[in-house]
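For reference, the structure is listed below as structure tokens.
The values are calculated or read from the model by the stated rules, or taken from the named source; none is laboratory data. Not measured: the values here are computed from a predicted model. Backbone-built Cβ (ideal geometry, glycine too); neighbour counts: all protein chains shown. Heavy atoms of the whole protein, side chains included, go into the accessibility calculation; ligands, DNA and RNA do not. Shrake-Rupley method; radii C 1.70, N 1.55, O 1.52, S 1.80 Å.
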Amino acid sequence: MRSSLPLLAIALVAAPAAAAPIDFARDVRPILSQHCFKCHGPDDKARKAGLRLDLRSVATAMGKSGETPIVPSRPDESELVRRIYADDETDVMPPPATKKPLNDAQRATLKKWIAEGAEYKDHWAFIPPKQAPFPAIKQAGWARNSIDDFVLARLEAAGLNPSPPADKYTLVRRLYLDLIGLPPTPAAVDAFVSDRSPDAYERLVDRLLESPHYGERWARRWLDLARYADTNGYEKDRPRTMWLYRDWVIRALNDDKPFDQFTIEQLAGDMLPGANLDQKIATGFHRNTMLNEEGGADPLEFRWHAVNDRVATTGTVWLGLTLNCCQCHNHKFDPIAQKEYYGIFALLNNCDEPTIDVQSVEVATRRAELEKQIAAREAELSKYFPPDPLAQPDDKRTAEELRRDYLEARFSAWLKVEREKTVNWTVLKPTSAKGNVPLLTIESDGTVFVSGDKSKHDVYDLTFRTDLKDITAIRIEALPDDRLPNRGPGRVNYEGPFGDFFLCEVTLANDGRPQHLGAVTADYFDGNNKPQNAADRNPLTGWSINGGQGRAHAIVFNLAEPIRKPGKLELSMLFEKYYAAGLGKFRVSVTTDNKKAEFRGVPDELLPLIRKVADRLTPDERSTLLRLFLSLAPELKPKRDEIQRLRDALPRHPTALVMEERPAHYSRPTFLHKRGDYTQPTDAVAPGVPAVLPPMPKD
């Protein structure tokens, strides 16, 4: 390997090359872009006199006044030359009012360009590469490959001689540092220096390319382009799990993944037929965007800014273009219009940003061990039930008999209370479920799953049809789901407690008539975020379950007056905290029982057993109800807390932040934004790529 110092010397001391012909992209287009295109460029609305200087076919055609702006090879006959050299302020171009006059060098460049034929050229990046002819060199035996011919030609042109070959000690160090980023061990140095075989260098290169450190070394360059980070950025800068994407890049480099596949999987891996887990993880490329967790931020606005970042990054990484210029206006130098920018924006705009679990054998093994311990402790709960605290000192029963008898008495008393207080619930399946921004999907069992975007003020509106009369209470069950952050039941995924929700207000109407809500209870609440807050007509307060994530919860609203006649029920839920921390999955039920409804902790499927006469319960049914009692009995709370701590200690599988294309029926619209301002959307824009690129397939 030859030293890179001669190249630096060329850049510093090489003599200027002979005057080269005017190059449109390098010399002319910047002048036209800065001084002319505002009035005579691609913007149809701003164009004056119908003149376009960005298109040769128009610039070299005779205008309506009978004059031709550019006459190739004849600058003296070109109207453009006459106007840029004019002395009259009413005739000179650019007009003095623009305050962008041309200097003498710029005028001379334009005139010379026209004299040379006024050749227009596309940006070099859009011109297919061609094999350059090999330069003539004097030291024919020095070059070892085709690149060396060009290096030597420049050296000879500058009057420089190549540096002598590096010694083997230098070579082995360079190879290690360049290929894997680590210095060689003394043993590795000695082995290479003592290897006299003619292919020693090539074999060392092959060994280093096979090293896992090769991918680690070169992934750093790509991760810089991907703006890789393990935190969200902005003011809170909380951590996030991105290392699975990092490891994907390392594996891709070590596996020598073809660059086209490397590209496709990062930009659209989720859209590949039968996309596997690795291909989905690859889409983490665009999840490296910063996340704004500031409480007052508008999540829709900052999602829009995130997509702008993704467009700019895509342009920089894969096109070598500053696409972000076109967020506000047509590009001044590159052939990209603002509308084309938003076409690319539309391609990236129709994505959701889920977090997926990545199964780990180690985590699964540890979870299985803890779950076994949890099951064993739950099976032994009855052993820890205390003896009757009111038993007399002279009671002849053993401690075990006292414990067993007290358990039986408490169990019987609990069954009696539940028979008296528990009400029957009927699940209502919505006829419609809509959110102002989120997507509410009605599932087959009557539950509603929420996905899509969030706003600062989310509202869920649900409609039900029922034949039930005398409805006395309504219940909303918040249900966990693996698709939600921390299994939910809420949608909080970066601001506030993961998996929580904040239900600010619930309103109910029957056939358009508002229904007043009375007493409210819930199984669980966080601090001062009590269930009553969800019916106090104050949107600043609400009910939340932070600390109870990953489990089902329920809130029960009694009606001040029963709904006597069947009709159309309209339920509305308001969420206005933690980025509108809405419910992620829920179910709605009503009861017609003529008694106060409250959360009792009895699953609906066990209500028939609760009402069954005790002496008619089968042993299995009685055992089922006893387990339920043990899960609720206050006497066993300390033991249940121990079990819950074990459950909370269950390790979680690592997660990956990925991109996921939205279904066609829920596609997100894209608009061109005036001056790139989020608050000024104008015309709708379809997904597409700039005209300078090959067209996208239509299907």
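Points to keep in mind about this one:
- Over the chain, dividing the summed -39,500 (n - 2.57) contributions of all DSSP H runs of at least 4 residues by the number of residues returns a 222 nm mean residue ellipticity of -10000 deg cm²/dmol.
- In degrees, nearest ten, helix 637-648 long axis to first principal axis of the chain (Cα): 20 degrees
- The trypsin sites (Lys or Arg not before Pro) of segment 136-213 that DSSP puts in a loop, and whose beta carbon has at most 10 other beta carbons within 10 Å, are Lys138, Arg144, Arg196.
- Qualifying aspartates and glutamates (Cα of each under 17 Å from Cα of Lys565; at least 8 residues distant if same chain): Asp467, Asp470, Asp511, Asp593
- Unsatisfied cross-links (Cα-Cα over 22 Å) in the set Lys280/Lys577; Lys38/Lys121; Lys372/Lys639: Lys280/Lys577
- When both segment 150-185 and segment 434-473 are represented by their alpha-carbon centers, they are found 68 Å apart.
- Candidate values [x] 48.7; [y] 38.6; [z] 31.9, label of the one derived for mean projected area of the Cα convex hull in nm²: [x]
- Segment 97-256: C-alpha gyration tensor shape, a/c 1.5 cut-off, then a/b vs b/c: oblate
- Note, ³J(HN,Hα) from phi for segment 228-233, Karplus 6.51, -1.76, 1.60, rounded to Hz, x at Gly and Pro: 4, 7, 9, 9, 7, x
- Amide H partners (placed H, <5 Å) of Ala554, local residues excluded: Ala478, Asp523, Tyr524
- Karplus (6.51, -1.76, 1.60) ³J(HN,Hα), θ = phi - 60°, over segment 163-171, in Hz, Gly and Pro reported as x: 5, x, x, 6, 6, 5, 4, 5, 4
- Computed over protein heavy atoms with a 1.4 Å probe, the accessible surface of segment 351-438 works out to 64 Å² per residue.
- Rounded Å value of the spacing that divides the Cα centres of segment 559-579 and segment 324-391: 30 Å
- Cα extents of segment 101-151 along the three principal axes, largest first (Å): 53, 26, 19
- Lysines whose Cα lies under 20 Å from that of Lys416, excluding same-chain neighbours fewer than 8 positions away: Lys595, Lys596, Lys612
- Residues whose amide H lies under 5 Å from that of Ala519, counting only those 5 or more places away or on a different chain, are Asn558; hydrogens are built 1.01 Å from N in the peptide plane.
- Sparse-neighbourhood loop sites, trypsin sites (Lys or Arg not before Pro) in segment 539-632 - DSSP loop, at most 16 other Cβ within 10 angstrom: Arg564, Lys595, Lys596, Lys612
- Applying the criteria of a DSSP loop state and at most 11 other Cβ atoms within 10 Å to the trypsin sites (Lys or Arg not before Pro) of segment 21-128 yields Lys45, Lys48, Lys64, Lys99.
- Rolling a 1.4 Å probe over the protein heavy atoms of the chain, with every protein chain left in place, gives an accessible area that is 54 percent carbon and sulfur.
- Dimensions of segment 173-247 based on its C-alpha atoms, expressed as ranges along the principal axes with the largest first, amount to 58, 19, 17 Å.
- Distances between placed amide hydrogens fall under 5 Å for Leu51 paired with no residue 5 or more residues away or on another chain.
- Across segment 125-134, rounded Karplus estimates of 3J(HN,Hα) from the backbone phi angles (6.51 cos²θ - 1.76 cosθ + 1.60, θ = phi - 60°) give 5, 9, 9, x, x, 10, 5, 6, x, 6 Hz, Gly and Pro being marked x.
- In degrees, nearest ten, helix 104-115 long axis to first principal axis of the chain (Cα): 80 degrees
- Rounded to the nearest 10 degrees, the inclination of helix 243-254 to the longest alpha-carbon principal axis of the chain is 40 degrees.
- Within the same chain, aspartates and glutamates fewer than 8 places from Lys100 are excluded, and of the rest, those with a Cα less than 14 Å from its Cα are Glu89.
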